[in-house]
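Below: one structure, written as C-alpha cells.
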Amino acid sequence: MPDGITELMEEVGKITSAPLTTVILTHHHQGYNYVDYDFPPDIEIITSWQTWQTLKEGYRELKNSIMFFDKSLTLRHGKSVIVASNLGRGHGDGDVIVYLPEEKVLFTSDLFFNDVIGYMGDGYLREWVLNLEMLEGLDARHVVPGLGKVTDTESIGKFWVFFTDFTTEVLRYLEKKKTLEQTKKNFRLPKYESLPGYREFFNQNLERAYRQLKEQ
C-alpha cells in the first residue's frame, strides 16, 4: 500500500483492534489521483454524489465499493449514531461533515482549519463562509478540523474571522479595479501571515478568491 494509506491504517490500529471496513471520504480535489484511490479494495467508501462524480473523472480506476448520497446519511454503529451531511459547495463541491450527536463530536474536514491556513484553491467562497456559520452553531464539545489540533466550536469562529478578513481584503482590491497581479503584489494580512500554510498556499488561495469573487 502507498505510504499515506499505510500510515492512516497504522494510526487506526492504535485506537482499535477492529478491522477498517468503511471510510467516509469527505471530499476529493479534481486531478488529485493519490490516497483516495489507494485504499485496499475490500474497504467501502461513503461519500457525497459530487465527490463520486469527481472520483470517476480521475484517470485512475477506483476499485472500492461506493455508497454515495445526496443530502444526509445516518448510520448506527453499536451505541453510536453517525450523521454524515453533504453541505454542497464550500472547500470543494460536495463537502461532507460527520457529526456524532450523542458524543457531541464534529468532524469538519477541510471546511475548517485550526490555527493553520490550508488549501483553498478549489473553494466556493460565499458558500464556504455560510457553512462556517452553520458549523459554529452545532452543539459540539470536540471539533476535529481538516488541519490543526482538535478543538471546540469557538475556534471555528476564529477561522470565520480570518475567512471574512481574507475575502473582504480581496474585495477591496476588486473594488479598486486592481488586476490579479497587482493584488498579489500588494495584498497584506499581517495578523495571519505567521500562521503555518499562509505563505505556502498564498498564490493558489488568492487566485481562487480573486476569480470567484470577481465572477459574483
Count - residues of region 121-139 that are in a helix (DSSP H, G or I), farther than 25 Å from Asn203 by Cβ and among the acidic types (Asp, Glu):
2
Please state which of the following conditions Met67 fails to meet, knowing it meets all the rest: (1) assigned to a strand (DSSP E or B); (2) in contact (Cβ under 8 Å) with a residue 60 or more places away in the chain.
(2)
Tally the residues that are exposed (fewer than 15 other Cβ atoms within 10 Å of the Cβ), assigned to a helix (DSSP H, G or I) and of a type outside the set (D, E, K, R), restricting the search to region 2-37.
5
Yes or no: Gly118 open to solvent by less than 20 Å² (accessible area, probe 1.4 Å) and in a loop (DSSP other than H, G, I, E, B)?
yes
Per the filter on region 20-35, residues under 17 Å from Ser109 (Cβ atoms), free of Cβ contacts under 8 Å to residues at least 40 places away in the same chain and polar (S, T, N, Q) are Thr22
Out of (1) open to solvent by 20 Å² or more (accessible area, probe 1.4 Å); (2) in a loop (DSSP other than H, G, I, E, B), the odd one out for Asp110 is which?
(2)
Here the residues within region 101-119 that are among the hydrophobic types (A, V, I, L, M, F, W, C) and more than 14 Å from Trp160 (Cβ to Cβ) are Val105, Leu106, Phe107, Val116
Please verify whether region 74-89 includes one or more residues that are outside any strand (DSSP E or B), open to solvent by 30 Å² or more (accessible area, probe 1.4 Å) and under 27 Å from Pro196 (Cβ atoms).
yes
Could you run through region 59-100 and say how many residues are within 19 Å of the chain's Cα centre (by Cα) and either among the basic types (Lys, Arg) or under 21 Å from Gly123 (Cβ atoms) (or both)?
16
What is the one condition in (1) surrounded by fewer than 15 Cβ atoms within 10 Å (Cβ to Cβ); (2) over 23 Å from Trp160 (Cβ atoms) that Thr51 does not satisfy?
(1)
Select from region 121-150 the residues that are of a type outside the set (Lys, Arg), open to solvent by 30 Å² or more (accessible area, probe 1.4 Å) and over 29 Å from Glu215 (Cβ atoms) and list them in ascending order.
Leu138, Asp139, His142, Val144, Gly148, Val150
Whichever residue in region 153-163 is open to solvent by 60 Å² or more (accessible area, probe 1.4 Å) and not basic (Lys, Arg) and, among such residues, is farthest from the chain's Cα centre (by Cα)
Glu154
Count, please, the residues in region 164-202 that happen to be closer than 25 Å to Gly146 by Cα, open to solvent by less than 80 Å² (accessible area, probe 1.4 Å) and not hydrophobic (A, V, I, L, M, F, W, C).
9
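The values are calculated or read from the model by the stated rules, or taken from the named source; none is laboratory data. Quantities reported herein were computed from a predicted structural model and do not represent experimental measurements. Neighbour counts run over all protein chains shown; Cβ positions are idealised from the backbone, glycine included. SASA here: full protein model, heavy atoms, side chains in, ligands and nucleic acids out. Shrake-Rupley method; radii C 1.70, N 1.55, O 1.52, S 1.80 Å.
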